[in-house]
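Worksheet for the structure shown next.
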Amino acid sequence: MGKPEGGDATVETAPGNGTAAPRPAVDRPWHAPGGDGRRTRAVRVAVSGALIGATVLAVLLVPPLFPLDQQAVDLTAKLEPPSWAHPFGTDEVGRDVLLRCVYGMRVSLLVGVVAALVASGIGLAVGCAAGALGGRADRLTMRLVDTFTAVPHLLMGIFIVAMFRPGIWPVIASVGLTHWVSTARIVRAEVLSLRARPFVDAAISGGASRLRVAARHLVPGVLPQAGLAAVLMVPHAIWHESALSFLGLGIPAHEASLGTMINGARGSLVTGEWWPTLFPGLFIVVPTLALAGLAGAWRERINPRRRSELVL
Amino acid sequence: MTAPWAGMARLAGRRLLAAVPVLALVTLGMFAVAAASPFDPVRQYIGSDGLGASQETLDTLRENLGTSGTFVEQWWAWLRSAAGGDLGQSLALRQPVGQVIGERLGWSVLLCSVAFVVAILLGTALGVLAARRPGGVLDRVVTSVSYTLQAAPPFWLALLAIWLFALRLDVLPAGGLTDTGSDTVTAGSVIRHLALPAGVLAISQLPWFVLYVRQGVSDALHEDPVRGARARGLRERTVLLGHALRSGLLPVLTLIGTRVPELITGALLVETVFSWPGIASATVRAATATDFPLLAALTVLSALAVLAGNLLADLLYGLADPRVDHDEM
């Protein structure tokens with residue numbers, strides 16, 4: 001296999017370096033992304049997993065251990081820069097930014113997971129129906145999908161939220177109702193390729209009904225793909241929720257969500273205090289990157305020749 | 001073999017026809033959502049005066065505002081007046097919707113086009129540099145920064161940019177269109193006020209172009225034409241820019257079309273942060289005030305922009321790749 005000059009020979013994993021069982025370098029993709037060796041990939045997966053684990057643990061454990069009164073203010077401690085007592089500093093009314101970030105992450109994660117489930121459920125149903133029915137039903141469904149892609153998702157979300165404000169459910173609905181399109185496309189493509197396989201013909205000639213073929217043979221086949229899409233949708237949904245909340249159209253302002261926190265910090269940013277703005281944003285960026293790292297490694301595993309891509 | 005423009009015209013015509021049902025469905029959907037919402041535009045229009053108003057007054061007003069009847073009737077009435085150029089009255093800004101759009105559209109187009117061009121040019125340059133040496137230091141830095149920017153919300157980037165450039169360095173204004181204390185809009189002040197919002201919008205769109213170009217070029221570097229060019233002893237620069245980049249850019253053309261919705265999304269957030277007087281920030285005001293006529297018109301406008309973006313991408317693709325036939329799209 002010809003390597004281009006100036007190739008990435010230096011990042012080749014040296015066999016027998018003690019950290020992992022020596023493997024031949026041959027089964028590495030020959031133009032590996034970012035020149036990832038086997039060891040750097042293992043480190044990446046471990047770091048990503050640890051970050052995701054820490055986020056989930058913090059969100060689950062911190063609220064019962066450190067109860068937070070959302071209205072509590074301590075004006076003597078307002079806008080303190082990061083210190084040992086307040087690692088992320090305090091906000092404009094003296095609340096600890098780290099604690100509020102964890103609480104905000106809890107709201108954002110709840111919205112993100114529920115909305116991703118709703119969107120994936122709709123996408124799975126629509127995609128399966130379109131792929132399994134075929135013909136005119138398929139074409140009509142795809143026109144509907146075209147319609148949903150013609151309006152930017154955030155704008156459609158803004159429209160729905162504007163009509164049903166305020167509260168958490170309009171936000172979940174606005175994310176769920178706009179994000180099913182990509183899942184529906186993936187599922188439909190997968191169903192179409194499954195339909196041509198012999199076991200489906202066997203089931204049909206065995207007398208299975210349309211519904212049974214769909215439920216017993218097609219849905220299980222697309223679940224891994226749909227599952228991956230659902231997991232990758234969570235950060236997207238969180239992004240969407242925080243954007244709506246930032247615009248003042250999402251979660252009510254007195255409740256901590258990452259978007260409302262960033263919006264609330266705009267006043268103190270103008271006077272030069274950066275920490276109430278920076279840290280809630282990092283709570284969005286870091287878990288998203290960690291999840292993308294895990295998803296990328298997973299994809300490389302099931303399809304080693306394809307470049308892992310971050311689908312956002 | 002017909003001239004390429006004939007195929008292009010036929011493609012544009014077909015897309016125009018396909019846009020009609022899409023727009024009809026989008027607008028009908030908006031009216032259905034509005035009908036299902038607990039919100040009453042008549043009560044909003046008259047505000048607190050409505051507390052003592054009689055049912056008759058309310059009914060007359062409902063008739064005048066075009067909000068009587070089922071949502072399908074409202075939709076039809078709205079379509080008919082929109083076809084005649086009347087998009088209704090904005091409830092939040094107390095101005096005709098057409099006037100709001102006319103005043104603000106230019107500023108949004110300016111912001112978006114500057115940002116898009118910067119993102120495409122800078123993204124292509126960085127992508128080629130990264131693809132030249134996969135796994136090298138430059139590639140790793142560019143790729144990691146791209147992934148990070150991809151995950152970062154544009155409004156957060158915008159706020160951090162304000163903190164850095166307007167507060168700490170004090171080199172660029174934090175928002176608006178004119179300096180404080182002056183009302184005249186001059187080219188110089190527009191450029192200075194445009195720099196930050198356009199820069200942030202470009203940075204938030206940049207990662208997709210970088211990663212696509214990097215992928216396309218590094219794939220093309222392993223293809224036979226490039227190997228052939230190398231074998232003929234062509235200079236590395238000619239191989240990279242003349243051969244690899246040309247075939248690597250094809251997927252980017254499609255990306256230009258599919259990024260239009262994301263560009264509008266980014267503009268919504270960036271314009272709001274920087275108080276840019278465009279239509280995107282008017283959308284947020286309309287939504288906060290539940291201003292249905294303005295919101296409806298802006299949604300249709302963005303759908304038109306998205307469809308035009310898709311058409312543009314397909315036309316460019318057909319022009320750039322002689323294997324592609326416009327009549328088969």
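Once a ≥ b ≥ c are taken as the square roots of the eigenvalues of the Cα gyration tensor of chain B, is the result rounded (a/c under 1.5), prolate (a/b larger than b/c) or oblate (a/b not larger than b/c)?
In terms of gyration-tensor shape, oblate.
Would you please give the residues with an amide H less than 5 Å from that of B:GLN95, counting only those at least 5 places away or on a separate chain, with H modeled from the backbone geometry?
Result for B:GLN95 returns B:SER90.
Which residue fluctuates the most in chain B, going by a Gaussian network model with Cα springs under 10 Å, if the choices are B:SER37, B:SER113, B:SER302?
B:SER37
Return the distance in nm (one decimal) between the two label points of a simple spin-label model at A:ARG216 and A:ALA253, each offset 7 Å from Cα along Cα→Cβ.
It works out to 5.8 nm between the two label points.
Running a GNM on chain B with Cα contacts under 10 Å, which residue among B:VAL226, B:VAL273, B:VAL137 ends up with the highest mean-square fluctuation?
Fluctuation is largest for B:VAL137.
If I take every Cα pair under 8 Å that is 6 or more residues apart in segment B:235-329, average their sequence separation and divide by the length, what percent do I get for the relative contact order?
Working: 61 pairs, mean separation 32.5, N = 95.
With pairs under 8 Å counted, the relative contact order is 34 percent.
What FRET efficiency do you get for B:LEU167 and B:LEU312 if R0 is 30 Å and r is their Cβ-Cβ distance, rounded to the nearest 0.05?
Taking R0 as 30 Å, the efficiency between B:LEU167 and B:LEU312 is 0.20.
Rounded, prolate or oblate for segment A:80-128? Axes are the square roots of the Cα gyration tensor eigenvalues, ordered a ≥ b ≥ c, and the cut-off for rounded is a/c under 1.5.
In terms of gyration-tensor shape, prolate.
So, in nm, how far is label A:VAL47 from label B:ALA289 when the simple model puts each one 7 Å beyond its Cα toward the Cβ?
4.9
Shape verdict for segment B:74-127, please, from the Cα gyration tensor: rounded (a/c under 1.5), prolate (a/b greater than b/c) or oblate.
Note, shape of segment B:74-127 comes out prolate.
If contacts are Cα pairs under 8 angstrom and at least 6 residues apart, what is the relative contact order of segment A:176-312 in percent?
Result for segment A:176-312 is 17 percent.
Within a 10 angstrom radius of the beta carbon, how do A:ARG100, B:ARG168, A:ARG185 rank from fewest other beta carbons to most?
Least crowded to most crowded, the residues run B:ARG168, A:ARG185, A:ARG100.
Please build a GNM for chain B, connecting alpha carbons under 10 Å apart, and tell me which residue among B:ALA92, B:ALA166, B:ALA286 fluctuates the most.
B:ALA166
Could you work out the local net charge near B:ALA19, counting Lys and Arg as +1, Asp and Glu as -1, over the other residues with Cβ closer than 12 Å to its Cβ?
It works out to a net charge of +2.
For segment B:130-146 and segment A:88-164, what is the centre-to-centre distance using only Cα atoms, to the nearest Å?
32
Treat each spin label as a single point 7 Å out from the Cα along the C-beta direction, and report the B:VAL109 to A:ARG299 distance in nm.
Taking the two extended label points, one gets 3.6 nm.
Using Cα-Cα distances under 8 Å and only pairs 6 or more residues apart, what relative contact order does chain B have, in percent?
24
Order by neighbour count: B:GLU56, B:GLU236, A:GLU190, fewest other Cβ atoms within 10 Å first, most last.
B:GLU56, B:GLU236, A:GLU190
Considering only C-alpha atoms, what is the centroid distance from segment B:261-282 to segment B:211-255, in Å?
First find each Cα centre; the distance between them is then 36 Å.
Here, each number is a calculation from the coordinates, and none is a lab measurement. If you're wondering where the values come from, they're calculated on a predicted model, not measured in any experiment. Note that each Cβ is placed from the backbone with ideal geometry, even for glycine, and that neighbours are counted across all protein chains shown.
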